[in-house]
Each structure stands twice: as structure tokens, then as C-alpha cells.
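Since the structure comes first, as C-alpha cells, the remarks are kept for the end.
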Amino acid sequence: MSADAIGKAVWVVGAVIASACATGTTMHYFNRDNVRKAKEAGNREGAAQEKARQEESRQRSNAATAAVLAKYAESQKMYRLALALASVGAACAASFGPLSPDDKANIEEFTLGVSRAALPGHVRSRMEKVMSTPIDVKTAYAVASKDLAPDHWKLFDEMVDLVVSLKIQVQGMRPTSFGSEWHYLRAVA
């Protein structure tokens, strides 16, 4: 190869390299707006995907919370029913005189059955308070009528009849007006 050909080849290679450098820099300069737009579009797409994921997670969390709250409300209804039944039973038994341990045991057996040990501590302590401070028939009726379903009245009538019959037949006590007042309040309501 002659020196002239080598010179031309070097000159061509140099021109190609210079052209590539100029083109790259020029392309970068003129294309930076498109690069910025692509980055912004990617950021918007990522933000939209994250927002959708968070919304789905929030909806699942809300559904789970609603289910837990529904179960809690249902258990609270059961506890209120048990406490109201115990209140009516204690009030009925107290109309005959002080509550005996047998009275408490019979009322708890009717109200809770064998599930007494499974009740939460706060419900058991409220049950003890109900038994230690019985109320009168009107207050017992008001407690029973609060937040309870109509089909629960049969349970309250059975509680009153049970306590009255245990006091009269088993313990030989004279009847009191609690049973008749209870049934009168039920009839006029």
C-alpha cells in the first residue's frame, strides 16, 4: 500500500469517527426531548400501576375489615342477649328475696349452658355484676327490649317461667307479682 492510500484511509476513518461523534452528540441534543417524554410516560405508567395495586389492596382490606366487624357485631348481639336474659332471671329471682347460689346456677345454666367458661372475661364480669345487683321488673323489661330480635322474647318468657316455677315448686316460696307484671308488660307492648 502506498503512503497516499494509507493517508486516504486514515482520512476516511477519521472522517467517519468525527461524523459519528458529531451525529451522536447532535442526536442526543435533538432527541433529549423524546427521552424526557419517554421517561415521563414510564413514570406515569408505573404510578398508575402502583395506584391500581394500592386500590385493590385497599378494597381487600376494607372487605376483610367489614367481615371482622360483622362477626364482632354478631357476637356482641349474643353477649347482649345473654346479659339481658341474666338480668331478667336475676330480677325475677330477686322478687322472691335474695339470690341464692342455686338461683344463680339455674339462671346461668339456662342463659349460657356449658359455654360459660368460653365467654370473654368482660362478659363474665358483667354477668357477675348483673347477678349481684338485680333490677326491678320494668328495668328488666327495658333491658330485654333493647336491641333484641322479636323471636328472642320466647327465651325471656321461658326464663321468667323457669325462675318462678323453681322458686314456687322447688323452694316452696309464695308467688310474687314479677311473673304477672312481666307478662302484662309483654302483652301491652
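Couple of notes before you dig in:
- The residues neighbouring ALA64, those whose beta-carbon lies less than 14 Å from its own, together hold a net charge of +2 under the Lys/Arg +1, Asp/Glu -1 convention.
- Calculated on the Cα set of segment 74-188, radius of gyration then Dmax: 13.2, 40 Å.
- For segment 65-114 versus segment 136-161, the spacing of their alpha-carbon centroids is 11 Å.
- Within-9-Å neighbourhood charge of LEU166 [Cβ basis; K, R +1; D, E -1]: -1
- If you take all other residues with their beta carbon under 13 Å from the beta carbon of GLU50, and give Lys and Arg +1 and Asp and Glu -1, the sum is +1.
Only the coordinates and a few stated rules stand behind these numbers; no lab work does. The structure presented is a predicted model; accordingly, all values stated were derived computationally and were not measured. Please note: Cβ atoms are built from the backbone with ideal geometry, for glycine as well, and neighbour counts cover all protein chains shown.
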